[in-house]
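Below you'll find the structure, written out as structure tokens, and then a few comments.
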Amino acid sequence: TVGLSQESILGKTDYDLFSQEIADKYVSDDRKILNSGTAEFGIEERHQKPSGEFGWIRTDKLVYYDMNGNIAGTIGFAVDITERKRVGEALRVSEEKYRTILENIEDGYYEVDLTGNLTFFNDSLCRILGYSKDEMIGMGNQQYTDQENRKKLFEAFNRVYRTGEPVKGFNWEVIRKDVVKVFAEVSVSLIKDSKGQPIGFRGIAHDITERKQAEEERRNLETKLQRAQKMEALGLMAGGVAHDLNNMLTAIVSLPELILMDI
């Protein structure tokens, strides 16, 4: 564990093998156990090998007694956990980076179990749905969507579960906590455990409410424009008919005058 042979450490103290700081820590742990007589398990301690490289060991320490029942010293069992620590730190950094990215994107990120209950999500999804994190954890989709859209979501989840293929960009209507309708463009993919078994779903929800509202407004304007154009066409047609009628009436009105002139 410390990178030395048994012969080279036999009879040596912690101060012969380690730096002052590390040796002080080991001695302090030993004295604590000697004074209390209580074993300590799973102690994680940093140490430095003769090569100068730092590592970590996991130690279980307990006292042993002499023939008279007095505490005579400590017994320790140490395992090098340096690699595990490195992997754990790399995983922690990766998770922190992953979490930072999720918390800084505008789109909502979600993870749900196989029954559709939320297990993980970012702040953007809270903003889209209008709920707090505490309110949303474990929440089912029946709380923020209607029956028609639940059916649409179930069909998407079922297809992903059966085929293993993700679904991207299907439109979904949700209902915020304040009962305002929100339109989202959603993707769904399958989450599997280490054995390859499905355990849930994850995806991105992109809020397209403003786009939907803009499209609806454009359609309304187009409808109004079409109506205005129809009214303009009718007006022009009516104007043409009136002009022709006026010409006919002029001729009719003028005819008696012509007759009188003949007399």
For the stretch 40-96, which GluC sites (Glu not before Pro) pass both filters: DSSP loop (anything but H, G, I, E, B) and at most 13 other C-beta atoms within 10 Å?
E53
Give me a comma-separated list of calculated 3J(HN,Hα) values for the stretch 155-167, in order, Karplus coefficients 6.51, -1.76, 1.60 applied at θ = phi - 60°, integers in Hz, x for any Gly or Pro.
4, 5, 4, 5, 5, 5, 5, 6, 9, x, 8, x, 10
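Estimate the FRET efficiency between L62 and A90 by the formula 1/(1 + (r/R0)^6), using the beta-carbon distance for r and 30 Å for R0, to the nearest 0.05. Before the final figure, lay out the partial values.
On the way: r = 33 Å, r/R0 = 1.09.
Plugging the Cβ-Cβ distance into 1/(1 + (r/R0)^6) gives 0.40.
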Would you grab the residues whose amide H sits under 5 Å from the one on I199? Only those 5+ places off in sequence or on another chain, please, with H modelled 1.01 Å from N.
I191, K192, D193
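With respect to the cross-link table entries K151/K212; K133/K212; K151/K224, which display a Cα-Cα separation exceeding 31 Å? Don't skip to the answer; put the middle values down first.
Values: K151/K212 21 Å; K133/K212 27 Å; K151/K224 35 Å.
From K151/K212; K133/K212; K151/K224, over 31 Å: K151/K224.
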Count the net charge of all other residues whose Cβ sits under 12 Å from the Cβ of E155, scoring Lys and Arg as +1 and Asp and Glu as -1.
+4
Calculate the length of the line joining the C-alpha centroid of the stretch 111-151 to that of the stretch 50-108, in whole Å.
36
Rounded to the nearest 0.05, FRET efficiency between D146 and M231 (Cβ-Cβ, R0 45 Å) equals 0.70
For labels at V79 and E155 in the simple 7 Å Cα→Cβ model, what's the distance in nm?
5.2
Per residue, how much accessible area does the stretch 12-106 have with a 1.4 Å probe, in Å²?
70
Express the carbon and sulfur contribution to the solvent-accessible surface of the stretch 68-132 as a percent, rounded to the nearest whole number, probe 1.4 angstrom.
55
If amide H atoms are modeled at 1.01 Å from N in the peptide plane, then the residues at a separation of 5 or more from H47, or on another chain, having amide H under 5 Å from its own are G55, W56, I57
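The values are calculated or read from the model by the stated rules, or taken from the named source; none is laboratory data. Please read all numbers here as calculations on a predicted model, not as lab measurements. Neighbour counts run over all protein chains shown; Cβ positions are idealised from the backbone, glycine included. When the accessible area is computed, the model is the full protein with side chains, heavy atoms only, and any ligands, DNA or RNA have been set aside. Shrake-Rupley method; radii C 1.70, N 1.55, O 1.52, S 1.80 Å.
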